[in-house]
Amino acid sequence: MAEDLVSAIAELEEEEALRLVEARLAAGYDPFKILEESRRAMEIVGRRFAGKEYFIPDLIYAGEILSEISVMVKPHLGQNIEVERSDKVIIGTVAGDVHDIGKNIVTFMLDINGFEVYDLGIDIPPETFIEKIRDTGAEIVGLSGFLTLAYDSMKNTIDAIREAGLRDRVKLMIGGGQMDDGVRKYTGADAYGRDAAEAVSLAKGWAGIKLP
Amino acid sequence: MTKTPDELFEERTKRFADAIALKEPDRVPVAPTFGFFYAKYAGLSPEETFYAYDKWSLAVKKTVMDFEPDMVNNPRSVIVAPGPLLDIVDFRQIKWPGHGITGSHSFQYVEGEYMKAEEYDAFLDDPSDYIIRTYLPRIYGELKPLEKLPPLSSMMTGYLATHLTSALARADIMNALETVARAGTESLKWRAQMDSLHEDIRAMGFPFSSYSAASVPFDVIGDYLRGTRGVMLDMYRRPEKLLRAIEKVLPMQLKAAVLIAKRSGNPRVFIPLHKGADSFMSLEQFKTFFWPALKKLIVGLIDEGLTPWVLVESDYTSRLEIMRDIPAGKAIYHFEQTDMFKAKDILGDVVCIRGGVPNSLLYTGTPEDVKDHCKKLINIIGKGGGYIMDSGALIDEAQPENIKAMIDFTREYGVYS
């Protein structure tokens, strides 16, 4: 029975997935199990995305189904139980740039891979990154940018992190539309990731998580 | 003997035309597609870029004179509408210098569901009515009162509907209409400035890369109406409506692009692709929602004697076989992150290939790096003609010496024997 829901979500069968959730809730099924199954389904979606079997629209649609399920399940949860997550990643689109599609996908992929992700949003000045590094003690930071103006903005952000004396405490990765390894060198980041799957491998490598 | 600007204009035009016809021109044409580089290079502040029409014109002319590209990227495709015009209508769909963006010469798009999912039917039934009474009030703050207009089709009963004009006398609607008049006046001022810039550049001996432009219907719907997220969900939740909207938008785009191209006398029509890339949709979705309309757009323009210049933004490597299916020697595919060498292999006998110099190299590399890269491009992609040297994307940031290296090296090394 559990597998029906996992596969309905993973196959992006929205109506079927919602029907199953509704039927289960009505039958008094453990709501936490529904969430756990949804999480497993999202792992499959993430794997398919990394394997280029699924694309951005599939990811967005899966996210949409998941949030509908959350809304349905929420009233049935007694209290929120926070999942303990150890490895923290800060992510944001650098100052001057307001693009967020790529960043949101990286956030999503890191999240389903078990990272605690602090997504700062778009057009984020260096000080905000620095503050968050201090507050959370995160050791991994992802800088996102779509436009070529982000080259300098990323460089400025990394320079500011260095001046704040935090450069040795964090690993920095960059990604987005016009980025490549030449830009990585220019900005002084530790790594460039071509897509969300690469961002996850980089973060896992740094966090000391064994890669499959 | 030095050539006159007219002779140079003809020479440059022919060089381009030969490359497009998949022949070997005298040498590889080189036409960096300048974007906000015009402003940066000339030292304009971000606000001047959007607000000082005369300074923007001078910046474009200075850049063209200093670099002498074979084609000039139409500055009207860089700044489509200037700051004063956007201010008058209180435009909501972009942020521009002084309005939500600091330190950038460029503008950025504000993603949104400007047309809601349940409004497809209204759009499909009567697009013009939908645009005037629902869409414009959302994207132009000052035109919000237009949502109170009666349905425009109610005016079809002439004498019987005359009383509906009373709506036009509402204070808020009159205000909105006055705003339209002011915006129109400002728009004319801008247009006059841009027309004289066009003439000046023509007189200097330089053709424009394009004058007219068109968008793929999927992009029109995704960029301007439904938003990226909205249009992506529509592919699953309401594919029939999306396809009907695509069918509806296609002839509108084609008609407008043909009209403007013919009026301008410039046959090249710019078509930037936004949402059909390898990572943005599956191959199946590309074949269903993107390519059929793009192909009709390309073929429709070619049938009118025009030359589509398709800017293939991002990576389309997995779609190259499909994109072969157009008349040979009549169009330009300008690639950004697509594998250029594969593109030459698959498409070399069908379409002129443009681009190949990464924007990141132009900013972070040295002139030597740029020359090495251009050499490889000329050797492989330039082989046998049908190639135009250019950056991958619109150039906003670049080191001037790298642009110069790209142009000078191509002029020297790109000669066909």
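The values are calculated or read from the model by the stated rules, or taken from the named source; none is laboratory data. Model, not experiment: these values are computed from the prediction. A quick note on method: Cβ atoms are made from the backbone with ideal geometry, for glycine too, and the neighbour counts reach across all protein chains shown. Just so you know, the surface numbers come from the protein's heavy atoms only, side chains and all, with ligands and any DNA or RNA stripped out. Shrake-Rupley method; radii C 1.70, N 1.55, O 1.52, S 1.80 Å.
For the reader, a short list of remarks on this structure follows.
- Condition broken by B:I346, with the remaining ones in (1) closer than 22 Å to B:F16 by Cβ; (2) out of contact with any helix residue (DSSP H, G or I) (no Cβ under 6 Å at 6 or more places or on another chain); (3) surrounded by fewer than 21 Cβ atoms within 10 Å (Cβ to Cβ) satisfied: (1)
- Residues satisfying the stated conditions in region A:183-194, i.e. under 24 Å from B:S279 (Cα atoms) and either more than 9 Å from chain B (Cβ to nearest Cβ) or surrounded by fewer than 18 Cβ atoms within 10 Å (Cβ to Cβ) (or both): A:R184, A:A191, A:Y192, A:G193, A:R194
- Hits in region B:393-417 - residues which are open to solvent by 10 Å² or more (accessible area, probe 1.4 Å), within 15 Å of B:P25 (Cβ to Cβ), in contact with a strand residue (DSSP E or B) (Cβ under 9 Å, 6 or more places away or on another chain) and not charged (D, E, K, R): B:Y413, B:V415, B:Y416
- Within region A:102-128, tally of residues that are within 14 Å of chain B (Cβ to nearest Cβ), among the β-branched types (V, I, T) and open to solvent by less than 50 Å² (accessible area, probe 1.4 Å): 3
- A:R39 being in contact (Cβ under 8 Å) with a residue 12 or more places away in the chain, under 29 Å from A:G208 (Cβ atoms) and away from chain B (no Cβ under 14 Å): yes
- Verdict on B:S282 being without any contact (Cβ under 8 Å) to a residue 24 or more places away in the chain and surrounded by fewer than 23 Cβ atoms within 10 Å (Cβ to Cβ): yes
- Selection of region B:371-392 for residues being within 14 Å of another protein chain (Cβ to nearest Cβ) and open to solvent by 10 Å² or more (accessible area, probe 1.4 Å) yields B:D372, B:H373.
- Among the conditions (1) in a helix (DSSP H, G or I); (2) at pLDDT below 95; (3) open to solvent by less than 40 Å² (accessible area, probe 1.4 Å), A:A160 misses just one, which is (2).
- For region A:145-169, the set of residues classified as away from chain B (no Cβ under 14 Å) and in contact (Cβ under 8 Å) with a residue 40 or more places away in the chain is empty.
- For the residues B:S318, B:S314, B:S282, the requirement of being in contact with a helix residue (DSSP H, G or I) (Cβ under 7 Å, 6 or more places away or on another chain), within 14 Å of chain A (Cβ to nearest Cβ) and not aliphatic (A, V, I, L, M) singles out B:S318.
- Of all residues in region B:84-98 being in contact with an Asp or Glu (Cβ under 8 Å, 6 or more places away or on another chain) and at pLDDT below 95, the one that is farthest from the other protein chains (Cβ to nearest Cβ): B:G98
- Tally of residues being over 18 Å from the mean Cα position of the chain (by Cα), at pLDDT 95 or above and polar (S, T, N, Q) across region B:256-297: 3
- Here B:L362 meets each of (1) open to solvent by 30 Å² or more (accessible area, probe 1.4 Å); (2) within 14 Å of chain A (Cβ to nearest Cβ); (3) closer than 14 Å to B:M389 by Cα with one exception, condition (1).
- Filter result for the condition that a residue is touching an Asp or Glu at 6+ places or on another chain (Cβ under 6 Å), among the basic types (K, R) and either open to solvent by less than 60 Å² (accessible area, probe 1.4 Å) or free of Cβ contacts under 8 Å to residues at least 60 places away in the same chain (or both), over B:K275, B:K296, B:K255: B:K275
- Selected residue (only one of B:S57, B:S77 is touching a residue at least 12 places away in the same chain (Cβ under 8 Å) and farther than 30 Å from B:L177 by Cβ): B:S57
- Note on region B:89-164: no enclosed helices (runs of 4 or more DSSP H) hold 3 or more residues that are surrounded by 15 or more Cβ atoms within 10 Å (Cβ to Cβ) and among the acidic types (D, E).
- Boolean, A:T128 is among the polar types (S, T, N, Q) and in contact with a helix residue (DSSP H, G or I) (Cβ under 8 Å, 6 or more places away or on another chain): no
- Screening B:K287 with (1) open to solvent by 10 Å² or more (accessible area, probe 1.4 Å); (2) touching a strand residue (DSSP E or B) at 6+ places or on another chain (Cβ under 6 Å) gives one miss only, at (2).
- Against the list (1) open to solvent by 10 Å² or more (accessible area, probe 1.4 Å); (2) within 14 Å of chain B (Cβ to nearest Cβ), the condition A:A62 fails is (1).
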